1. Being modelled with pLDDT under 85, open to solvent by 50 Å² or more (accessible area, probe 1.4 Å) and part of a loop (DSSP other than H, G, I, E, B) is the filter here, so list the residues in the stretch 123-151 that pass it.
2. Given the conditions (1) within 30 Å of Leu150 (Cα to Cα); (2) at pLDDT 80 or above; (3) not β-branched (Val, Ile, Thr), report the number of the one that Gly61 does not fulfil.
3. Take the residues of the stretch 169-222 that are over 13 Å from Gly146 (Cα atoms) and either touching a His at 6+ places or on another chain (Cβ under 7 Å) or among the hydroxyl-bearing types (Ser, Thr, Tyr) (or both): which is modelled with the lowest pLDDT?
4. Could you give every pair whose Cβ atoms fall below 8 Å, whose first residue belongs to the stretch 281-307 and is touching a residue at least 24 places away in the same chain (Cβ under 8 Å), and whose second residue is surrounded by 11 or more Cβ atoms within 10 Å (Cβ to Cβ) and acidic (Asp, Glu), counting only separations of at least 6 or pairs across chains?
5. Any residue at all in the stretch 279-286 that's closer than 22 Å to Arg159 by Cβ, at pLDDT 85 or above and small (Gly, Ala, Ser)?
6. For the subset of the stretch 94-122 comprising residues that are open to solvent by 60 Å² or more (accessible area, probe 1.4 Å) and among the charged types (D, E, K, R), which member is farthest from Thr198 (Cα to Cα)?
Amino acid sequence: MPTTQRPDPPYRVIAAEIRARIESGELRPGDRVPSIRQIAQRWGVAVATATRAAAVLREQGLVEPRVGAGTVVSAADPRESPRPAGGPAKRTRLLQAAIAIADVEGIEAVSIRRLGASLGVRPMSLYQSITSKDELLMQMADHVFGEVTLPTEGPGGWREKLEFIARAEWELCRRHPWLPKTVSFERPLFAPNMMAHTEWVLGALDGLGLSMEIRMREALTIHLIAVAGGSSPAEEDYPGNGTGMGSHDWSPTPRVRERKTVDRTRFPLLSAVRQGTAQDLEGLFEYGLARHLDGVAAMLADRSKRSHTGTE
């Protein structure tokens, strides 16, 4: 009985098209490849789908990030790349391979065995660089936090600085949907790049008369706003999973929508809410961030007022 072959998911189709341009010589080593935003616009797909396409290219060794240039075609043919050597270079390549797998398939797909297959080495040899999966996840998260270039001064005043860091971390969570699963506020990770983010926020609050305890709580709150918002796409289980579609690419059939219509009699206020409001994660993130910073501004204004009246 003939079988119908399922078409490749959109993200793999896009990755294959870009790979063909690289292998044909149209895109040469060092040339910039389309960014995630450009992929989304050119192919008419969601950012989540574009992110997966970019991750496939990284996993295949075809592209690499370059400071100041974005993502470029790798200098060497990945089929001729040397096997991982010892030292920092081996660890970096290992982490990049693990991140590429997690970006495409989720954090659960990352294992020492899978990494060994991806890198073309014996899995046991990787234990020279990594002792456990927990350590691997921590180093993956720290490596990703290092993608953000933290400016020495930063933009504007304290509010602009906090907006900058919050949006940078939000983008990290959108680019790497598995990242929120590795961040714990009960068991903080003492990792250099992650600690640099916290240090930067503490510095952004210099000169405001806030105690170090309040400044630390503010730093953690900013992290929490970004990570909590970014955790939603990673946790959702929608019918498009495994197809390369983001949750906002998929929409239920009219019959499913009909079953999920809010009962206007029982919930008159909920039924009046514009459809899609709850699914607008970026809008929710921006709203939560703005209202939180409004609260910080009110706190600072109150402290200043009490200081001038001598009531503090």
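The values are calculated or read from the model by the stated rules, or taken from the named source; none is laboratory data. Since the structure is predicted, the reported quantities are computational estimates derived from the model, not experimental observations. Backbone-built Cβ (ideal geometry, glycine too); neighbour counts: all protein chains shown. When the accessible area is computed, the model is the full protein with side chains, heavy atoms only, and any ligands, DNA or RNA have been set aside. Shrake-Rupley method; radii C 1.70, N 1.55, O 1.52, S 1.80 Å.
1. Residue satisfying the conditions is Thr131 alone.
2. Against the list (1) within 30 Å of Leu150 (Cα to Cα); (2) at pLDDT 80 or above; (3) not β-branched (Val, Ile, Thr), Gly61 comes up short only on (2).
3. Checked the stretch 169-222; the qualifying residue modelled with the lowest pLDDT is Ser184.
4. Close Cβ pairs satisfying both conditions: Leu289/Glu163; Leu293/Glu163; Val296/Glu218; Arg303/Glu312.
5. yes
6. Arg122
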